[in-house]
Amino acid sequence: TTPWNIRRGGVQMADDWMGAKLALYIGDEIAVLQRDETPGLLWAGAWDLPGGGREDVDADALDCALRETREELSLIIPRSAVIWGRRYVNSIGRGTWFFVGTVPAAVANDITLGDEGQRWALMPQGVFLASACVVPQFKDRRTDYLEGVESMTPTERPPAK
């Protein structure tokens, strides 16, 4: 799948998607939520990224990721803070989106946990990539982001993290 880079003008997001996640860098760390321990919940107790399922058929995937970030962390993130995204196909053949965004470290002062998850944290990217407690597919998607950034020209690249 070709990455969607917002700084390069983006591409049309396909309508066939069921959810979206946002790897949100707050300063140099990634905002994560520890999933609830609900029986039957996929990846119960694991560290997750803000995001979730599609609710509004007229919203695009980025709208979904930003809405979920507002609901889960009480943060209103502008679309302009999102610097990269790519559509993936999950294990049941449905589309999901993974976005990367950056905001200043001071934004952490505005976080309040919503009604999902046990707690939130800011996690250094090395810990995130090495942790056995992170939802596993996000590590590969984070690597895809890094490889996508390396293929951009210097003027297209987002700030280094």
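Where a number appears in this text, it was derived from the coordinates with a stated rule and is not lab data. All of these numbers come straight from a predicted model, not from anything done at the bench.
Details
- In this structure, the amide hydrogen of residue 49, modeled 1.01 Å from its nitrogen in the peptide plane, lies closer than 5 angstrom to those of 33, counting only residues at least 5 positions away or on a different chain.
- For residue 21, residues with placed amide H under 5 Å, excluding near neighbours: 97, 98, 99
- Table column - 3J(HN,Hα) (Hz), segment 84-91, Karplus curve with 6.51, -1.76, 1.60, x for Gly and Pro: 7, x, 8, 8, 10, 10, 7, 5
- Couplings for segment 21-28, taken from phi via the Karplus curve 6.51 cos²θ - 1.76 cosθ + 1.60 with θ = phi - 60°, read 10, 10, 7, 9, 7, 10, x, 9 Hz in order; Gly and Pro are left as x.
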